[in-house]
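Okay, structure first, notes after.
The values are calculated or read from the model by the stated rules, or taken from the named source; none is laboratory data. Because the structure is a prediction, the values reported are computed rather than measured. When we count neighbours, we look across all protein chains shown, and the Cβ atoms used for this are built from the backbone with ideal geometry, even at glycine.
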Amino acid sequence: MLPRSSDVKWYAIYTKHKFERKVAQQINDMQIEAYCPLNKVVRQWSDRKKIIEVPLFNSYVFVRSTEREHAKVKEIEGVLNYVYWIGKPAVIKDEEIDIIKKFLKDYQNVQVEDIKVNINDKVRITGGPLLFKEGIVTEIHNKTVKVYLPTLGLQMQAQVEKAHVELVKHQF
């Protein structure tokens, strides 16, 4: 992994369908860091079950680069464009990339869904692999907790015991 510098930031790029891995590999070959989150899912065939890795975000790859490197990245076959927010390429926080990596390390069959929600309760996880992590919970059903990642406007769903979630008190 390359050293972190203030002018090197994570960005999301939009790719052609099914080009995520190829684009990530080509970016890495250019000595620019790329991350294509892969989700372990169980696929059922008529004669067997198998765990395979598929991109977590269809048609998206994360790239850690400087603004000067954007033009080089856009030239790669399969790259359509950067994801923009308010007229500029959207910067993804290092912490959010780290959360995605940890989430995928600790869970299989992660589900991602596009959301348009208002921010609700801020919680802290008190047990399990996400111990002491804080986030915004959009829904809780039985053992399911949805964690909102604001920069991406996406949420990931994981099985977390309700008993391992506590409300963070607001400080005024």
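Odds and ends about this structure:
- Matching entry among Tyr35, Tyr82 (being within 25 Å of Tyr107 (Cβ to Cβ), of a type in the set (Phe, Trp, Tyr) and surrounded by 14 or more Cβ atoms within 10 Å (Cβ to Cβ)): Tyr35
- Qualifying residue in the range 47-54 (condition: closer than 19 Å to Tyr84 by Cα and not hydroxyl-bearing (Ser, Thr, Tyr)): no
Residue-by-condition table, conditions (1) under 18 Å from the mean Cα position of the chain (by Cα); (2) without any contact (Cβ under 8 Å) to a residue 12 or more places away in the chain; (3) more than 18 Å from Glu95 (Cα to Cα):
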{"residue": "Thr15", "(1), (2), (3)": "yes, no, yes"}
{"residue": "Lys18", "(1), (2), (3)": "yes, yes, yes"}
{"residue": "Asp29", "(1), (2), (3)": "no, yes, yes"}
{"residue": "Cys36", "(1), (2), (3)": "yes, no, no"}
{"residue": "Arg43", "(1), (2), (3)": "no, yes, yes"}
{"residue": "Ser46", "(1), (2), (3)": "no, yes, yes"}
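- Of the set (1) of a type in the set (D, E, K, R); (2) at pLDDT below 90; (3) under 24 Å from Lys22 (Cβ atoms), all apply to Glu75 but (2).
- Taking the range 60-89 as the range and being within 14 Å of Asp7 (Cα to Cα) and not polar (S, T, N, Q) as the test, the residues that pass are Val63, Arg64, Glu67, Arg68, Glu69, His70, Pro89.
- Highlighted here are the strands (runs of 3 or more DSSP E) found entirely within the range 4-63 that include at least 3 residues which are of a type in the set (A, V, I, L, M): 38-44, 49-55.
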